[in-house]
Ligand code: ATP
Ligand code: ZN
């Protein structure tokens with residue numbers, strides 16, 4: 001089987017989505033020969049190859065048609081989409097389904113000791129985030145002006161380091177916020193992992209395989225509901 005005829009799926013190499021992505025593929029009956037050193041892993045029983053990359057790269061790989069499918073958090077997907085749209089680029093993809101893992105929310109958080117009644121309290125605040133586009137969209141809807149500082153990691157230390165008044169970061173349990181003396185004041189976006197497909201049509205064989213995988217995913221999800 002040549003690479004061209006294989007369905008190419010991008011997933012996170014190492015992180016919160018990786019294990020559940022490989023588990024999902026396994027439950028769909030896709031047997032993969034994993035090799036930690038390799039960027040690409042091959043299935044031994046289906047014409048599928050898995051590209052393992054940083055999650056941030058997955059939306060772009062699908063938008064640009066480099067891979068056929070991507071498994072990605074909606075937060076990263078929409079952030080990349082908004083970023084491309086704001087720089088005048090086209091964004092093309094289809095969302096095939098939401099998954100029942102990777103659940104989290106993007107929230108605003110401030111110093112535990114600060115008073116807070118509503119988002120207007122953040123007028124002219126400096127907010128540190130890895131999600132400037134999702135934050136901008138929310139603050140625009142709320143009619144609140146602010147300044148964002150882009151941090152790709154350690155966002156939660158920004159207030160205590162004196163570089164921001166607030167943060168906008170992903171939360172699942174809230175333990176990290178608490179450990180950094182912060183309190184969650186507003187959830188601005190709810191996310192789960194999802195499967196996306198490139199917009200450009202696939203060959204009939206590849207599309208049939210995608211449909212088969214999707215039916216299996218739906219079956220798995222119904223069984224666990
Ligand atoms: P990479 O090295 O691939 O860029 P990362 O550090 O950006 O990894 P992870 O922390 O592994 O990303 O998170 C991947 C995705 O898992 C998030 O974008 C989000 O969709 C989901 N997620 C679920 N719960 C959480 C959480 N509590 N904190 C962060 N992400 C979460
Ligand atoms: Zn990332």
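Taken together, the values in this text are just the output of simple stated rules run on the coordinates, not laboratory data. If you're wondering where the values come from, they're calculated on a predicted model, not measured in any experiment. Here the Cβ is made from the backbone with ideal geometry for all residues, glycine too, and neighbour counts use every protein chain on show.
Structure above, values below:
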read-out: Relative contact order computed over region 105-225 (Cα-Cα under 8 Å; 6+ residues apart), in percent; value: 35 percent
read-out: Cα-projected label distance for residue 56 with residue 18, points at 7 Å along beta-carbon direction, nm; value: 1.7 nm
read-out: Sites residue 141 and residue 221 - FRET efficiency at Förster radius 30 Å, r taken between beta-carbons, to 0.05; value: 0.45
read-out: Potential extension, residue 100-residue 149 segment - 0.36 nm per residue separation minus Cα distance; value: 14.5 nm
read-out: Contour minus Cα-Cα distance for residue 178 and residue 39 (0.36 nm per residue); value: 46.4 nm
read-out: Gap separating the Cα centres of region 9-54 and region 153-195, nearest whole Å; value: 29 Å
read-out: Residue of 133, 124, 165 that the Gaussian network model of the chain assigns the largest fluctuation, springs spanning Cα pairs under 10 Å; value: 124
read-out: Two-site FRET efficiency, residue 26 against residue 199, from Cβ-Cβ distance with R₀ of 22 Å, rounded to 0.05; value: 0.20
read-out: Whole-Å semi-axes of the chain's equivalent ellipsoid (Cα gyration tensor); value: 37, 18, 15
read-out: Residue 207/residue 90 FRET efficiency (R0 22 Å; Cβ-Cβ; nearest 0.05); value: 0.50
read-out: The chain - share of DSSP beta bridges that are antiparallel (%, nearest 5); value: 65 percent
read-out: Contact order normalised by residue count of the chain, Cα under 8 Å, 6+ apart, percent; value: 26 percent
